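Worksheet: one structure, shown below.
Computed from the coordinates by the stated procedures, all read-outs in this text should not be read as laboratory data. Nothing here was measured: the structure is a model prediction, and the numbers come from that model. Note: ideal-geometry Cβ built from the backbone for every residue, glycine included; neighbour counts use all protein chains shown.
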Amino acid sequence: MERTFLMIKPDGVQRNLIGPIVARLENKGFKIVGAKLMQVSEDLAKTHYGEHADKPFFGELVDFITSGPVFAMVLEGDNIIKTARLVVGATNPQEAAPGTIRGDFGLTVGKNIIHGSDSLESADREINLFFEESELVDYSLINKDWIY
Ligand code: RTP
Ligand code: MG
């Protein structure tokens, strides 16, 4: 089963959206295999968003993601990298469809509530950046046969 990395950004945590967002992910049928509230260091932020190092918004992005705690998660499911990105919605919340997390909760591209990995390679990389293998739990969901 495929795994992805999702992270509720500092704006989502400060706005008490951990519960509503996690509820959406659980309702969808995704399985949570790891989760923690954590403070992202400047080094981790720069590594995580390394692909944007040359962009004009990089400094703001690093400042924002380190401005308060984030809620980091690893989720598992069939084709979950793509599916979770659909649930997350478009990068700019002003263009994200209603019913998506960014579409329903966000208004600006700089504070867009949540991050989701965009490929198998980035999911692997980000899971390893944020989680130790021992923090990921291997277990069965009893309702799995009603989802798949
Ligand atoms: P993320 O990596 O956070 O899940 O977002 P994404 O894939 O949808 O978008 P990406 O292109 O990877 O951009 C990373 C984050 O940078 C911020 N951003 N700001 N000011 C701007 O024009 C601008 N463009 C992007 C956003 O917070 C975006 O999530
Ligand atoms: Mg991205």
Inset, instruction - Looking at (1) away from ligand 1 (no atom under 14 Å from the Cβ); (2) of a type outside the set (Gly, Ala, Ser); (3) touching a helix residue (DSSP H, G or I) at 6+ places or on another chain (Cβ under 9 Å), find the lone condition where residue 48 falls short. - result: (1)
Inset, instruction - Looking only at segment 34-57, decide whether some residue is surrounded by 12 or more Cβ atoms within 10 Å (Cβ to Cβ), acidic (Asp, Glu) and either closer than 29 Å to residue 132 by Cβ or in contact with a Gly (Cβ under 9 Å, 6 or more places away or on another chain) (or both). - result: no
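Any idea which residue in segment 82-108 is farthest from the chain's Cα centre (by Cα), counting only those that are within 23 Å of residue 10 (Cβ to Cβ) and hydrophobic (A, V, I, L, M, F, W, C)?
107
Considering only residues that are near ligand 1 (Cβ under 10 Å from one of its atoms) and surrounded by 20 or more Cβ atoms within 10 Å (Cβ to Cβ), which ones fall in segment 92-110?
Across segment 92-110, the qualifying residues are 93, 96, 102, 106.
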Inset, instruction - Considering every residue within segment 49-65, establish whether at least one is in contact with a strand residue (DSSP E or B) (Cβ under 7 Å, 6 or more places away or on another chain) and either charged (D, E, K, R) or in contact (Cβ under 8 Å) with a residue 60 or more places away in the chain (or both). - result: no
Inset, instruction - Evaluate the following for residue 124: is it surrounded by 14 or more Cβ atoms within 10 Å (Cβ to Cβ) and within 11 Å of the chain's Cα centre (by Cα)? - result: no
Inset, instruction - Tell me, yes or no, whether segment 20-39 has at least one residue that is within 16 Å of ligand 2 (Cβ to nearest atom) and touching a residue at least 60 places away in the same chain (Cβ under 8 Å). - result: no
Legend entry - residue 16, sole failed condition from (1) surrounded by 13 or more Cβ atoms within 10 Å (Cβ to Cβ); (2) at positive phi: (1)
Legend entry - Residue in segment 58-81 that is surrounded by the most Cβ atoms within 10 Å (Cβ to Cβ), counting only those that are away from ligand 1 (no atom under 12 Å from the Cβ) and over 12 Å from residue 6 (Cα atoms): 77
Inset, instruction - Please identify the pairs in which a residue from segment 111-126 that is within 11 Å of ligand 1 (Cβ to nearest atom) has its Cβ atom under 8 Å from the Cβ atom of a residue that is hydroxyl-bearing (Ser, Thr, Tyr) and part of a strand (DSSP E or B), counting only partners at least 6 apart or on another chain. - result: 116/4; 117/4
